[in-house]
Every structure is written in C-alpha cells, then in structure tokens.
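The values are calculated or read from the model by the stated rules, or taken from the named source; none is laboratory data. Bear in mind that the values here come from a model prediction, so they are computed numbers and not experimental data. Note that we place each Cβ from the backbone using ideal geometry, even for glycine, and neighbour counts take in every protein chain shown. For accessibility, only protein heavy atoms count, side chains too; no ligands or nucleic acids. Shrake-Rupley method; radii C 1.70, N 1.55, O 1.52, S 1.80 Å.
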Amino acid sequence: MDASAAPVGTQPRDSLGCSLDRLDDDRMIEGRDMVFYRKRSALGPPERVATPANGRGYLIGLSFAGGHKRRVHGAHHSKVQEFASSSIYVRNFADDYKADLSGSFDFALLEIGRGGLDRIADAANLAAVSELRSLAGPADPVLGGLLCALFARVDGRTDRSALFVDQLSVAIGMHVVRQYGNGRGDAAVGGRRLSQRCQAKIRDLVRDRLDGELTVEELAATCNLSQATFLRAFRETLGSTPYRWLLNQRIEKARDLLQFTQTPLSEIAAACGFSDQSHFTRAFVQAAGATPRLWRRSRQA
C-alpha cells in the first residue's frame with residue numbers, strides 16, 4: 001500500500017469499502033434482482049478498500065475510463081490489475097477482498113445476490129447457471145454500453161422510469177449470466193414473433209396502465225413467455241424495445257389530448273405517465289420537434 005494512503009477505517013466508507021469523501025459521483029439505482037452503483041473519483045488519491053467475506057453474492061465492476069490500477073492482495077500473494085475503458089472484473093463476496101487503489105477511477109458496479117442470480121438465470125432460460133466466474137481484465141463493450149445507458153443523464157437528470165430500468169436490468173442480467181456464468185442452458189432461439197392476440201393483450205394492458213408503471217415481467221406474463229424470449233420477440237415484432245414503445249403510446253395519447261381538449265399541460269403529463277411537465281416537454285420535443293404548447297397552437301389554430 002502506498003505510504004500516503006489512508007488506513008482503512010479512518011474515514012466513513014460505503015458498503016463496498018470506498019471512502020465517501022473522495023467520491024465525485026456516488027449514485028445507486030435499484031434494478032430487478034440487482035443493485036447498480038456509479039462510483040467516480042477524479043483526483044483518485046491512493047487508498048485501500050476492503051470487504052470481509054460475506055454472503056451478499058457477486059460484484060461486477062466495469063471501468064468507464066482507463067488510467068486506474070489496483071494491487072489486489074490474496075491469502076499468499078498479491079497482483080496488480082490495470083483497467084482500460086470497458087475493462088471488467090467479477091468477484092465473489094464470499095472471498096475476503098483487499099486492494100490498494102491508484103489513479104482516478106470511474107466505475108459502474110452491479111451487485112447480484114445468489115437468489116437474484118437464480119431468478120436471472122431462469123428468466124434467461126439458463127437455469128444451469130448457479131455461479132459467476134471470478135475474473136479481471138477483459139473488455140466488455142456490450143456491458144459497457146448497457147451500463148452507460150442506465151446511468152446517462154438527460155438535462156442533468158438520470159431517467160428513472162421503472163420500465164426503462166427494468167428493461168435494462170433484464171438485458172444486463174441476461175448478458176452477465178451468459179458471459180460469466182458457470183453453466184449453459186437451452187437459450188431460446190431468435191426469430192420468434194408475438195402473435196396478434198398477444199399484441200392485442202399488450203396494447204390493452206398498456207392502455208389501462210398508461211399513467212402508471214409496468215415491468216418486463218408483467219408484459220412477458222401477458223404472453224406466457226420468459227422475459228428473455230419476450231424481449232427478443234417484442235423487438236422482432238414491433239421493431240422497438242418495450243420502453244420506447246410505451247413512450248410512443250404516451251406521446252400519441254398526449255397528441256390527442258393536446259389537439260382535441262383544453263386540458264392543462266401538467267394534467268396531460270400526469271395522465272400520460274410522465275413524471276412531471278418538464279419530463280413531458282422533453283419527450284414531446286424529441287418526438288414531435290416542438291413543445292407541447294406550440295404543437296397545440298399549430299393544431300388548434
């Protein structure tokens with residue numbers, strides 16, 4: 001450990017062993033069967049992180065930038081790990097972990113409990129996966145893209161739509177068990193499409209819940225499909241993700257209310273499931289190229 005590093009325990013730390021006063025970005029998002037963290041330190045002074053062995057499951061970390069390295073201490077030896085952009089590590093919380101950090105860092109982390117891993121594997125049609133393999137170093141640009149989308153900010157805000165987070169959680173979970181799981185199952189083959197009856201049931205469900213929140217699990221259950229099969233079939237049939245499709249349905253309802261009623265914009269935002277009027281305005285401008293107020297004026301002139 002670098003002589004200038006602060007001893008473990010002298011400063012307040014988070015549940016992963018990071019010193020809280022050295023983090024420039026510290027966010028958490030609760031997803032389906034996993035918890036996501038964003039940890040960034042631009043200054044990155046040397047320090048040690050440590051977590052004693054426990055039963056929390058697994059931690060997967062992905063570096064959004066290069067320039068970070070750490071010396072990880074094992075029972076009888078230590079080794080240096082260097083991280084480039086999109087480099088990952090997978091570790092089991094059942095093992096003691098001590099590492100001396102060096103250099104700035106920008107990581108997305110996901111914590112998966114053992115029960116959550118079983119549910120993710122079942123949803124991905126990979127029930128044979130019961131553990132994740134510990135590793136460090138390889139790049140995973142696919143996981144990097146998914147995590148970047150999850151933590152992306154729009155106008156200074158992180159999108160927290162339940163379906164958006166749920167959809168990405170399912171996709172991330174399926175990717176993790178397929179890439180780093182210890183077993184292989186009979187994953188559903190591509191090319192499946194949703195029946196007309198299933199599409200109608202989805203539309204009815206969405207119409208009834210347009211002002212609320214939906215999950216991938218609920219939508220998949222409507223068609224009696226696993227989440228993995230449903231997501232592939234949905235994209236194959238409708239050419240979109242469930243979140244994007246739901247957003248389009250909300251915009252269409254908003255267009256009707258804007259054109260044919262005098263309902264206030266704040267009430268339209270609530271009726272169409274947007275978190276607030278500013279969220280509604282951003283989404284509408286992106287879809288229609290004009291603010292709701294200007295679009296209404298042009299249609300009602």
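Structure data summary
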item: Every pair of residues 6+ apart whose Cβ atoms lie under 9 Å, when the first sits in segment 157-178 and is open to solvent by 20 Å² or more (accessible area, probe 1.4 Å) while the second is acidic (Asp, Glu) and modelled with pLDDT under 90; result: Ala162/Glu213
item: Qualifying position, being of a type outside the set (A, V, I, L, M), modelled with pLDDT of 90 or more and open to solvent by less than 10 Å² (accessible area, probe 1.4 Å), among Phe64, Phe36; result: Phe36
item: Subset of segment 89-122 [within 17 Å of the chain's Cα centre (by Cα) and part of a loop (DSSP other than H, G, I, E, B)]; result: Gly113
item: Residue list for segment 41-50, restricted to those being crowded, with 19+ Cβ neighbours inside 10 Å and either of a type outside the set (Asp, Glu) or closer than 29 Å to Glu213 by Cβ (or both); result: Ser41, Arg48
item: Condition check for Arg250: of a type in the set (Lys, Arg) and open to solvent by less than 40 Å² (accessible area, probe 1.4 Å); result: yes
item: Residues located in segment 97-146, provided they are of a type in the set (D, E, K, R) and without any contact (Cβ under 8 Å) to a residue 24 or more places away in the chain; result: Asp118
item: Segment 286-298, residues that are assigned to a helix (DSSP H, G or I) and open to solvent by 60 Å² or more (accessible area, probe 1.4 Å); result: Gln286, Arg293, Leu294, Arg297, Ser298
item: Check on Gly144, small (Gly, Ala, Ser), assigned to a helix (DSSP H, G or I) and in contact with a strand residue (DSSP E or B) (Cβ under 9 Å, 6 or more places away or on another chain); result: yes
item: Scope segment 258-273; condition open to solvent by 40 Å² or more (accessible area, probe 1.4 Å) and either in contact (Cβ under 8 Å) with a residue 24 or more places away in the chain or part of a helix (DSSP H, G or I) (or both); matching residues; result: Gln259, Phe260, Ser266, Glu267, Ala270
item: Residue in segment 147-171 that is modelled with the highest pLDDT, counting only those that are in contact with a strand residue (DSSP E or B) (Cβ under 9 Å, 6 or more places away or on another chain) and aliphatic (A, V, I, L, M); result: Leu147
item: Residue that is nearest to Ser15 (Cα to Cα) [pool: residues in segment 107-139 that are at pLDDT below 95 and charged (D, E, K, R)]; result: Arg114
item: Failed condition for Ala301, given (1) closer than 29 Å to Gln196 by Cα; (2) open to solvent by 70 Å² or more (accessible area, probe 1.4 Å); (3) aliphatic (A, V, I, L, M); result: (1)
item: Members of segment 174-212 found to be at pLDDT 80 or above, not hydroxyl-bearing (Ser, Thr, Tyr) and not in a helix (DSSP H, G or I), listed by number; result: Gly181, Asn182, Arg193, Leu194, Arg209, Leu210
